[in-house]
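Okay, structure first, notes after.
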Amino acid sequence: MHRLRALTLLLDDAAAAFAAGTGLGGTDLRALICLLDAERAGQAASPTWLAAQLGVTTASVTTLLDRLQRAGHVRRVPRTDDRRRLDLVVQDSAKDLGWAFFGPLVQATSDVLARRTPEERAVIDGFLDDMLAAVGRPAPTAER
């Protein structure tokens, strides 16, 4: 448990440094992560969906999206099947910014996992899924 806590604190520090260096708040960063995860899963993301993911009101999400849109990180796009509804699209600028900062962390993680056998990776995946469930969050849909 102590090593998980230490890892969590290091990852929190990295996220805080990224947010501070880019002028984003912590919730802004969480919103971008949610939107990127939805995009990777092929799931449409609306302002209402994002509010639920973040546990905030839709009014708060509107303010957050205004900020992210002004910064060029997100676009609101009318749905083709119902122009009254909006989808949220993360812009390449946000992806590039995130990759520039977190790319080395992603590479280091990939390097660690590459030293493990497929069986060991399966155990790690199972452990992480179980830990996410234990603390009340489902595992994000992602490629493994």
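The values are calculated or read from the model by the stated rules, or taken from the named source; none is laboratory data. Everything quoted here is computed from the prediction, not taken from an experiment. No Cβ is skipped: glycine too gets one built from the backbone with ideal geometry, and neighbour counts run over all protein chains shown.
Would segment 9-25 turn up any residue that is at pLDDT 90 or above and among the aliphatic types (A, V, I, L, M)? Checking segment 9-25: at least one residue is at pLDDT 90 or above and among the aliphatic types (A, V, I, L, M).
Regarding A44, is this residue over 30 Å from L7 (Cα atoms), among the aliphatic types (A, V, I, L, M), surrounded by fewer than 16 Cβ atoms within 10 Å (Cβ to Cβ) and touching a residue at least 12 places away in the same chain (Cβ under 8 Å)? It is true that A44 is over 30 Å from L7 (Cα atoms), among the aliphatic types (A, V, I, L, M), surrounded by fewer than 16 Cβ atoms within 10 Å (Cβ to Cβ) and touching a residue at least 12 places away in the same chain (Cβ under 8 Å). Restricting the search to segment 81-103, which residues are at pLDDT 85 or above and of a type in the set (G, A, S)? S93, A94, G103, listed by residue number. Out of A51, A19, one residue alone is under 26 Å from T109 (Cβ atoms), crowded, with 17+ Cβ neighbours inside 10 Å, of a type outside the set (F, W, Y) and touching a helix residue (DSSP H, G or I) at 6+ places or on another chain (Cβ under 7 Å). It is A19.
Listed here are the residues, each with its yes/no results for (1) assigned to a loop (DSSP other than H, G, I, E, B); (2) farther than 21 Å from A41 by Cα.
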{"residue": "K95", "(1), (2)": "no, no"}
{"residue": "W99", "(1), (2)": "no, no"}
{"residue": "A108", "(1), (2)": "no, yes"}
{"residue": "R116", "(1), (2)": "yes, yes"}
{"residue": "L132", "(1), (2)": "no, no"}
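The residues listed here are L50, L68, L7, L24; of these, the one that is without any contact (Cβ under 8 Å) to a residue 60 or more places away in the chain and more than 29 Å from M131 (Cβ to Cβ) is L68.
Give the residue that is nearest to D28 (Cα to Cα), with candidates limited to residues of segment 71-87 that are in a strand (DSSP E or B), aliphatic (A, V, I, L, M) and touching a residue at least 40 places away in the same chain (Cβ under 8 Å). If we take residues in segment 71-87 being in a strand (DSSP E or B), aliphatic (A, V, I, L, M) and touching a residue at least 40 places away in the same chain (Cβ under 8 Å), then V74 is nearest to D28 (Cα to Cα).
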